[in-house]
Amino acid sequence: MRFLTKLVTTTVGVVCTTASAYLFIDEKKRHGVLFAATISQAPNNNNNNNDIIQPDQQSLSSPIKSSESWNWNWDGRHSDMNKTRIVRHIYLIRHGQYQTKTKVEDQKQLTELGNEQADWIGLALAESKIPFTRFIQSGLIRAVQTASIINKHIKFNRIEQDIDLNEAFPFLPEPAGRFADSVATGRIELETERMERAFRRYIHRPLTSQTEDSHELIVCHANVIRYFVCRALQIPADAWLRFNLFHCSITHLVFTSDGRVICYGIGDVGHVPQERRSYV
């Protein structure tokens, strides 16, 4: 494991330009210069710089406070709360890139790139040495294929399948844009009821019968994951379309027995090389 330490800093002149060199030290106590950078002070809004467009101060947004306090009984299990340190880890994985030029679901199979992405995430999960306790996939072919490739690496004994995790348009987003007309005219069907059913089935605090931490994998779809994140963090459900997810990314949620929800990462894709990432 390497770590960095600052070697030297030199300040030059009155413009606060700083030259910094960083040293790396590895596990064998070997040293070497990794990189050197020149750091200059960024302009601030108080500077008289004609190149900076000053915003309309009256139109600027302000920090928004939650309209409601945290609901400790958000999953309906607060009365059964088991005061332990046991937690549930849920890893929501988006499937790999797939064929989009078809309306037939069974033909929306993984592309060559999608297969590579699934292989990378499977390798990353295996190398993590996490003791996974459950493996679930949606019923759509792109999720089934992704889960199958992942399982070549983690070698799980049983994969569950749930069609309630299939892709859906879960909630009318805000801003709605073109989706408002599509929903109003029936071109897009809201499937909030199914999404809520799946949410309550999988997203909850540890059960009272749970005696050790669990680590559960769910391979599904971007809309499902984004909706689950908003609901779990008690963010307005109509915000689900405000962020995007790469293919074969990992979203990690943690649930404690007292009803807390912690997001350890949304759409982590560090296991896929930069040039092989995709989201459409």
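The values are calculated or read from the model by the stated rules, or taken from the named source; none is laboratory data. Please read these numbers as outputs of a predicted model, since none were measured by experiment. Neighbour counts are summed over all protein chains in view; Cβ atoms, including those assigned to glycine, are modelled from backbone coordinates with ideal geometry.
Miscellaneous remarks
- Figure legend. Inter-residue proximity from segment 145-157: first residues within 14 Å of Phe132 (Cα to Cα), second residues of a type in the set (Lys, Arg) and surrounded by fewer than 21 Cβ atoms within 10 Å (Cβ to Cβ), beta-carbon distance below 9 Å, spacing 6+ or different chains. Indicated pairs: Phe156/Arg134.
- Cβ separations smaller than 8 Å between residues 6+ apart or across chains give the following pairs from segment 64-84 residues that are under 19 Å from Phe199 (Cα atoms) to residues that are surrounded by fewer than 12 Cβ atoms within 10 Å (Cβ to Cβ) and at pLDDT below 85: Asn73/Ser79.
- Residue match in segment 208-227 (condition: of a type in the set (Lys, Arg), within 24 Å of Thr100 (Cβ to Cβ), in the same structural domain as Ser257 (by TED's automatic domain parsing) and part of a helix (DSSP H, G or I)): yes
One line per residue, one yes/no per condition, for (1) closer than 17 Å to Gly139 by Cα; (2) modelled with pLDDT of 95 or more; (3) crowded, with 19+ Cβ neighbours inside 10 Å; (4) not assigned by TED's automatic domain parsing to the domain that holds Leu125:
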residue: Arg158; (1), (2), (3), (4): yes, yes, no, no
residue: Arg194; (1), (2), (3), (4): yes, yes, no, no
residue: Asn244; (1), (2), (3), (4): no, yes, no, no
residue: Leu253; (1), (2), (3), (4): no, yes, yes, no
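- Selection status of Gly122, closer than 25 Å to Tyr227 by Cα, in contact with a strand residue (DSSP E or B) (Cβ under 7 Å, 6 or more places away or on another chain) and either free of Cβ contacts under 8 Å to residues at least 40 places away in the same chain or surrounded by 16 or more Cβ atoms within 10 Å (Cβ to Cβ) (or both): no
- Against the conditions (1) assigned by TED's automatic domain parsing to the domain that holds Ile235; (2) within 25 Å of Ile203 (Cβ to Cβ); (3) exposed (fewer than 11 other Cβ atoms within 10 Å of the Cβ), Gln117 satisfies every one except (3).
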